[in-house]
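Please see the structure below; I have some questions.
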Amino acid sequence: MNRQVFRVAVYRFKATFRQRRGGYLAIILLVGLIGGLALGAVAGARRTQSSFSTYLASTNPSVFQVFDAFQNPSLGFTNGYEPATVARIAALPGVRREGTVVGFDGNLDDNAVRGVRSAIGAGEKPPVIEGSFDGEYTTEDRVTLVQGHLADPRDAGQAVMDAQAATEAGVHVGSVITLGFNSDAQEDGTNPNPPAAVVARIRLVGLVVFSQDVVEDQIDALGSAEVLLSPALTRRLAACCATYSYSFIQPSGDRSVGALEREVESSFPKAAQAAFGGARLTSATVAKADRTLKPEAIALAAFGGLAMLAALLIAGQVIGRQLRQGAGDLETMRALGADPALTVADGVVGTVSAVVLGSLLAVAVAIGLSPLAPLGPVRPVYPDIGVAFDWTVLGLGFALLVVVLGGVSVALASIRAPHQLAARRRLIRERRSSLAHAAAAAGLPTPAVTGIRFALEPGSGSDAVPVRSAILGAVLAVTVVVATVTFGTSLSSLVSHPALYGWNWNYALVSGFAGDEDLPAHQTATLLAHDHDVVAASGVYLGDGLQLDREGVTVLGASPNAPVAPPLLSGHGLEAANQVVLAASTLASLHKAVGDTVVASNGVSKPVTLRIVGTVTMPAFGGLEMGTGAIVDYRLIPAAVRNAQESTIPGPNAYLIRTRGGETPSALRGLDSINQTLNRTNSDDQPAGGVVTVLRPAEIVNSRSIQVIPTVLGAGLAVGAVGALALILITSVRRRRRDLAVLKTLGLSGRQLATVIAWQSSVAVAIGTLVGVPLGIVLGRVLWDLFANLIHAVPAPSVPALTIAGIVVGALVLANVVAAVPGRIAARTPTGSLLRDE
C-alpha cells in the first residue's frame, strides 16, 4: 500500500467512522471476549498442567529417599534410628543436604482426654506418627500450612497433623491428645500389647498438607493420615522408641543421581536393601501428579482451541458484514477513477484497527481470567494464585488473531472490490435453489417459499447475501454443542460406572492397615461362599516384588481364571501360571505387544518367561494405577512380599467381591458381619481392616472439576453463534429491502414478511442440525475415545439421544426467537421510497 493510498484510506476511515463505529465495536468485543476466553483457557491449561511442579518447587524438595533403619532384629536392626548410618549418608561427597524422618509406634489413648474419640473407618490405617529434628518438613520438603501454625521446635507438647489424621483421631486445632509409645525392647518382647513406655500429652496446633498427599488415589488417602511431632519430642523419642527412619537426599549439582543412589545404598545393611528396595525417587510423585492433571489440562486446552475457532469464524462474519456496508461507496469511488488498490484499502484500515484493539482486549481478558487457574487438587496449596502472565500463549494468541483476522479483512476487501465483483458478475449467473423450487411446486405458502429462497439463494450484485455464513455458523454451533454434550455425558457415565476405570466389582474386603496385612484364605472364602448376596469373589495379593524384563512393576497377584478381575481392553484374562496381563502404560514402557513374552524375576526363585495375553484397565488399588501394573499368578510374588507383616495368617491381602443387585444395604451388612467374624475368631492378628466400596483413582476424583467445561463451552459458543446468526439476518433484511418492498407492494402483510425471515432463519438452522448433529456425535465420540485412552479408562462413549433431540428442538425454537427483531425490521420496510429510487 503506497503512501497516497494509505492517506486516502485513513481519510475515508475518519470520514465514515461515525456511521461504522457500531460495527467496529462489535469486532472489538467479539475478538476480545471470545478470543480472551480462548487464550485464558489455553493459559489455564498450561498453568494447571505445571501446577504440581510449581507447588513442589516451592517446598524445596528432595530428589530421593532411602530407608536408614527398621526396628527388626532379624534384619540386623535393634533400633529404628541409627545416627551413625545417617551421619555416613550426610557425609557423602555428593550429598548437598540430608533430612531425616523418624517414625514411631504410637497409639492414641481415647480415654485420657475428654472429647477425643478416634474413628478409623473401614480399610483406613491408623495415623502414622513421625518427626524430624534436622529441618525435614520445615526447610526441606516443607509441609503446607492450611490452618493454625507449625509446632514450636522447642516445645515437646505441640504437634501438627494432616486433615485425614485429624478426622481419624476426632480432633481439631486446639485439641489435646495423649499418645503412648512402645520402646524398642517392648517391640522385641513377647507381649503383643505392652503398656506404653513413654506417654506424651500433645496439643494440635495446626493442620498441614504433605506434598506426596496433594494428588492421590482414594486408596492412598486411606493410609495418608500423619501426625508430625515437634523436633523437641522427636529428639527425645528417637533413642528409645523409633520404629523406622529414612533420609531425604538433595544431591550436589555436579553429581549423578544414579551414582549417588548407589553410594547411599551402600551406607546401610544389605538386609535393609532387600526389605525396602533401596532408594526411591521422589520424581515418581511428580510423574503421577502430571498424569493425573493431564486430562484437566487437555480439556481446558481443547475448550480454548474450539473457542478460538469460534472467535475466528464469528469475527470473520462480522468483518465481512462491516466491509459490505461500504459497498455502495466503493462503486462510486470506482466510477470516479479509484484504482483497485484504493478500493481494497477502503475499510481495511478500520477493520484491521478493530482487530488489533480486539486482540489487545483478548490479552487483557486472558490475564484477568488467570487467577481462576490452576484447576484441580493443587489449587488449595498453590503458592501464588493470582494474576499470571503466560507470555508464550498471550504473544502467540495475539499474533494469531491479528494475522488471521487481518488477513481475512484484506481477503474479503479484495473479493468485494468493484473490479472483482464486476468480473464475477460476467461469469456467474444467479444461483437458484432446487429446494425452494420444490417448496413452490408443493404448494407451500408464499412466505415459506420466499423464506426458503432467502435462506438458500444468495442473490447477485449489490443485493447478494452471505447465506453460506449463516448455514456454516449453524452447523458449527450444533456440531460443537452436540460434541460437548456427548463428551460431557460420557464423562458423567465414566464417573458413575466404576467398572470403566478398573473397579469391576462392588466391594473389597481388605486386610488390616489398608491391605498391608493378610486374610485367612480358607475361612474367608467359606464365609463368602455362604453369603446369599455374594455372586463371586476372588482373593488377591497387592504390592511390588516382581520385575518384568528387569523393570520393577506393581502387581496384582491372582489365581488363574479368577471369577472377578479388572475389565479387559484387549486379549483375554489370566488363564495359566505362565501368562501375564498388563496395563496399557506398562505394556508401552516394556515396548511389547499382546502375544509377546517377558521374563519375570522376583529375586528369590529362578526367572520365568511369561506370555502377554491381554491388557486391562487397572483399579487404583494397592499401588496399582489405571494405566500401570500387571496381573500375574500370585505364586510368582515372593512369600516375604506376600506376607510383609510376618503374620501367622498367610493371606491374601484382599478379596474382590461382586454382589447381587450391586451395592445394597443387605450386601454391606452381610460383608460387615464376615469382617467381624474374621477379627473375632483371629483376635491375636486382627486380620480384617474392613469392607470398602469403590475407591476412585485420582483422575476420576479430580474429573468433577472438568465436568462443567463442556457445558460452559457449549453455552458460550451457542451464544456466539446466535449473535452471528442475528447479525446475518439483519444484514439479509437490509440487503433484500428491494425484494421485501416488492413483496409488500404485492400484498404481503407485515406479519407475513416477518414470517419470511422466520422461515429463512429456521431453514438455515435446520440444515445446521441435519449436518451438525451427526458431525457432533462423531466428533464427541472421537474426543471421548482419545480422552479415555489418555487416562487408560475403558473407552465407552455415551450418546444422549434425548438431550440431542432437545437440542434440535431448542435450536429451531431459538431460530424463530432470533428472527424476531430482523422480522420486525422486515415488516416495517418502506415501499414508496425504495421503489421510487428504482
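So, by mean Cβ neighbours within 10 angstrom, what's the order for 398-411, 601-614 with the highest one leading? Intermediate results must be reported in sequence, preceding the final value.
Working: 398-411: 18.2, 601-614: 15.5.
Answer by packing, highest mean first, reads 398-411, 601-614.
Summing Lys, Arg as +1 and Asp, Glu as -1, what charge do residues with Cβ under 10 Å from the Cβ of Ala620 carry, Ala620 excluded?
Values: positive: Arg696; negative: Glu216, Asp217, Asp220, Glu625, Glu699.
Spelling it out: positives minus negatives among the neighbours equals -4.
Quick check on region 122-252: take the gyration tensor over C-alpha atoms, sort the square-rooted eigenvalues as a ≥ b ≥ c, and tell me if it's rounded (a/c under 1.5), prolate or oblate.
Working: a/c = 1.34, a/b = 1.23, b/c = 1.09.
In terms of gyration-tensor shape, rounded.
How much length, in nm to one decimal, is gained on full extension between Arg18 and Val146, taken as 0.36 nm per residue of separation minus their Cα-Cα distance?
40.5 nm
Averaged per residue, what accessible surface does region 589-692 expose to a 1.4 Å probe, in Å²? Can you show the working numbers first?
On the way: 4620 Å² over 104 residues.
I get 44 Å² per residue for this part.
Between beta-carbons, use under 14 Å as the cut-off and find the net charge around Ile385, counting Lys and Arg +1, Asp and Glu -1. Mind dumping the intermediate values first?
Values: positive: Arg47, Arg379; negative: Asp384.
Once all neighbours under 14 Å are counted, the net charge is +1.
Applying a 10 Å radius around every beta-carbon, put 791-798, 761-768, 552-559, 809-816 in order of their mean neighbour count, most first. Walk me through the numbers before you get to the answer.
On the way: 791-798: 20.6, 761-768: 25.0, 552-559: 22.2, 809-816: 16.9.
Peptide ranking by packing, descending: 761-768, 552-559, 791-798, 809-816.
Another question, if that's okay. Between region 762-791 and region 540-616, what is the C-alpha centre distance in whole Å?
38 Å
Between His532 and Arg154, what length comes free when the chain is fully extended (0.36 nm per residue of separation minus the Cα-Cα distance, one decimal in nm)? Don't jump to the answer; show the numbers that get you there.
On the way: separation 378, 0.36 × 378 = 136.08 nm, distance 5.84 nm.
Length gained between His532 and Arg154: 130.2 nm.
Write down Rg/Rh for region 479-631, rounded to two decimals, with Rg from the C-alpha atoms and Rh from the Kirkwood relation over Cα pairs. Mind showing how you got there, number by number?
Values: Rg = 17.4 Å, Rh = 17.0 Å.
Looking at region 479-631, the ratio lands at 1.02.
For Val534, what is the net charge nearby, where nearby means another residue's Cβ is under 15 Å from its Cβ and Lys, Arg count +1, Asp, Glu -1? Don't skip to the answer; put the middle values down first.
Working: positive: Arg658, Arg660, Arg669; negative: Asp531, Asp533, Glu663, Asp672.
Net of charged neighbours comes to -1.
Let me ask you something else. So, by mean Cβ neighbours within 10 angstrom, what's the order for 225-235, 387-397, 47-57, 489-499 with the highest one leading? Can you show the working numbers first?
Values: 225-235: 22.9, 387-397: 15.9, 47-57: 20.5, 489-499: 18.2.
In decreasing order of mean packing, 225-235, 387-397, 47-57, 489-499 become 225-235, 47-57, 489-499, 387-397.
The values are calculated or read from the model by the stated rules, or taken from the named source; none is laboratory data. This structure is a prediction, so every number in the text was calculated from the model and none was measured. Cβ coordinates were reconstructed from backbone atoms using ideal geometry, including for glycine residues, and neighbour counts include every protein chain displayed. The protein model used for the area step is the full one, side chains on, heavy atoms only, and it has no ligands, DNA or RNA in it. Shrake-Rupley method; radii C 1.70, N 1.55, O 1.52, S 1.80 Å.
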